[in-house]
Amino acid sequence: MSDTARLVAALTARGWTIGVAESLTGGALSAEIVTVPGASATLLGGVVAYATPVKASLLGVDAALLAEHGPVHPEVAIQMATGVREAVQVDGRRADVGIATTGIAGPDSPDGQPVGTVHIGVATPDGARAYGFRFDGDRAAVRAASVQAAVAAVLTALGE
């Protein structure tokens, strides 16, 4: 069973839902989750907040944090993951889990951080944390590694 199938199964077994907030992955994480039959039982939706201001306007990321540190920062990932839980709520019930990706896929870095710098945020009812990575490879490789790291991060947060 793939990690993504394990993720969908773990969330479904708990009766939990998930919301996805993506920057550098541009929808690829949501697309990966929906490859699993039965994903509709758990995935509520996703937000591709590619432009920095959208992270604030749709996901509630603190604008001062973005102005001071830019979008590639662990606290930004945490706030994105927390914010997407609210953004995809259904009937007043927010998602149980929020997952977020932010980073620099390359080929250039807009703010001087190394290409391949990625932060994954995970928010659950038990709290929120960020996972930091530095992936090698071209743009496609960094994005693909980010998707897999995000799935693994949620599994870790769930204790799976």
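Odds and ends about this structure:
- In the set Val122, Val76, only one residue is within 12 Å of the chain's Cα centre (by Cα), surrounded by 24 or more Cβ atoms within 10 Å (Cβ to Cβ) and under 18 Å from Thr4 (Cβ atoms); that residue is Val122.
- If you check Val34, Val20, Val54, Val48 for being open to solvent by 20 Å² or more (accessible area, probe 1.4 Å) and within 12 Å of Ala100 (Cβ to Cβ), only one passes: Val48.
Conditions tested, residue by residue: (1) touching a residue at least 60 places away in the same chain (Cβ under 8 Å); (2) more than 14 Å from Ser23 (Cβ to Cβ).
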site	(1), (2)
His119	no, no
Pro125	no, yes
Ala130	no, no
Arg134	no, yes
Ala144	yes, yes
Val147	yes, no
Thr156	no, yes
Glu160	yes, yes
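- Residue count for the stretch 106-117 satisfying the condition of being of a type in the set (Asp, Glu) and without any contact (Cβ under 8 Å) to a residue 40 or more places away in the chain: 1.
- Hey, Arg93 surrounded by fewer than 21 Cβ atoms within 10 Å (Cβ to Cβ) and basic (Lys, Arg) or not: yes
- Residue selection: Ala141 satisfies the criterion of being of a type in the set (Gly, Ala, Ser) and over 30 Å from Gly15 (Cβ atoms).
- Close pairs from the stretch 88-105: first over 20 Å from His69 (Cβ atoms), partner part of a loop (DSSP other than H, G, I, E, B) and β-branched (Val, Ile, Thr), Cβ under 6 Å, at least 6 apart: Ala95/Thr17; Ala95/Val88; Asp96/Thr17
- Of all residues in the stretch 2-42 being of a type in the set (D, E, K, R) and touching a helix residue (DSSP H, G or I) at 6+ places or on another chain (Cβ under 7 Å), the one that is farthest from Leu66 (Cα to Cα): Arg6
- Test result for Ala130, assigned to a strand (DSSP E or B), under 12 Å from the mean Cα position of the chain (by Cα) and on the phi < 0 side of the Ramachandran plot: yes
The values are calculated or read from the model by the stated rules, or taken from the named source; none is laboratory data. These numbers were taken from a predicted model, which means no experiment stands behind them. Glycine also receives a Cβ, built like all others from the backbone with ideal geometry; neighbour counts cover every protein chain displayed. Calculation scope for accessible area: heavy atoms of the full protein, side chains included, ligands and nucleic acids excluded. Shrake-Rupley method; radii C 1.70, N 1.55, O 1.52, S 1.80 Å.
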